[in-house]
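Heads up: the structure comes next, in structure tokens.
The values are calculated or read from the model by the stated rules, or taken from the named source; none is laboratory data. Everything numeric here is computed off the predicted structure, so don't read it as measured data. Neighbour counts run over all protein chains shown; Cβ positions are idealised from the backbone, glycine included.
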Ligand code: NAP
């Protein structure tokens with residue numbers, strides 16, 4: 001996988017932000033990209049744009065918090081391309097912003113379901129498919145909040161810490177069978193996920209990144225691409241922050 005020519009790739013949450021930039025980059029590298037998202041209309045727009053620039057891409061509507069949807073997504077890859085080489089488990093939400101004691105039970109379950117349980121559902125079927133075709137690479141999108149806390153985001157930070165534990169454990173279980181599994185930890189990235197924040201809050205977030213700005217989706221996509229490709233052949237079970245210095249403070 002020096003480049004991704006003819007490799008079959010699933011990317012969840014690929015209608016927007018980091019997932020969309022990753023789908024665009026992977027399509028440029030020659031992959032058969034399966035874009036999945038809960039947002040069908042934006043998913044179709046993204047798909048059409050990539051097709052217009054010569055990429056091979058299909059859209060499948062998926063709710064990552066539904067196990068049957070994640071199984072169907074893998075089955076689609078196998079039926080269409082005969083194998084699954086790479087999975088990027090990226091879909092996620094910001095979740096309810098409240099101090100822990102004010103966090104609703106529903107809000108807690110929602111963020112854990114979409115940002116953590118979904119990765120168990122996804123990997124369960126992705127790994128089975130990869131075992132049949134001799135290996136693959138799975139990239140799970142965590143966050144800087146996978147290794148530190150953030151006031152107001154107890155559910156989100158718990159889910160993202162969980163993503164790292166799940167990644168490490170799955171890597172221990174399957175690396176000897178040629179499936180590499182890694183996690184990426186973006187700092188704050190300028191995507192629609194941050195749309196609910198006002199300008200003042202965004203300014204405060206910028207100040208937390210020594211590099212002096214928020215990240216771009218394309219910058220994260222480059223790291224995901226490296227982890228998907230054979231250039232990262234010795235990398236497994238690791239967590240890769242990409243955060244403009246956030247965690248170095
Ligand atoms: P984004 O622009 O909001 O894109 C996420 C996509 O996932 C959206 O299209 C969203 O659809 C979709 N989605 C939401 N719930 C879903 C579900 N149940 N099933 C399938 N798709 C679903 O967000 P992003 O910033 O690119 O975030 C991508 C990943 O990076 C997330 O895991 C996020 O936690 C992580 N991350 C982001 C940042 C950041 O600052 N942006 C930092 C660290 C980590 P809707 O728009 O309809 O919700």
By residue number, the members of the stretch 212-230 that are over 15 Å from residue 21 (Cα atoms) and in contact with a helix residue (DSSP H, G or I) (Cβ under 9 Å, 6 or more places away or on another chain) are 212, 213, 214
Within the stretch 135-163, restricting to residues that are free of Cβ contacts under 8 Å to residues at least 24 places away in the same chain and away from the ligand (no atom under 11 Å from the Cβ), the one that is farthest from residue 204 (Cα to Cα) is 161
**Message:** Among the residues in the stretch 133-143, are any part of a helix (DSSP H, G or I) and modelled with pLDDT of 95 or more?
**Reply:** no
Counting only helices (runs of 4 or more DSSP H) entirely within the stretch 152-242, those with at least 3 residues that are in contact with a strand residue (DSSP E or B) (Cβ under 9 Å, 6 or more places away or on another chain) and crowded, with 20+ Cβ neighbours inside 10 Å are 154-174, 217-228
Selection over the stretch 22-45 where residues are in a helix (DSSP H, G or I), within 14 Å of the ligand (Cβ to nearest atom) and crowded, with 24+ Cβ neighbours inside 10 Å yields a count of 3
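Name the residue that is surrounded by the most Cβ atoms within 10 Å (Cβ to Cβ), counting only residues in the stretch 92-109 that are assigned to a helix (DSSP H, G or I) and free of Cβ contacts under 8 Å to residues at least 40 places away in the same chain.
This residue is 109.
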- Message: Just checking, does the stretch 65-72 include any residue being within 15 Å of the ligand (Cβ to nearest atom), part of a loop (DSSP other than H, G, I, E, B) and in contact with a helix residue (DSSP H, G or I) (Cβ under 6 Å, 6 or more places away or on another chain)?
- Response: yes
The residue from 88, 57 that alone is within 16 Å of the ligand (Cβ to nearest atom), farther than 25 Å from residue 241 by Cα and crowded, with 17+ Cβ neighbours inside 10 Å is 57
Taking the criterion of being modelled with pLDDT of 95 or more and farther than 24 Å from residue 121 by Cα, would at least one residue in the stretch 164-179 satisfy it? no
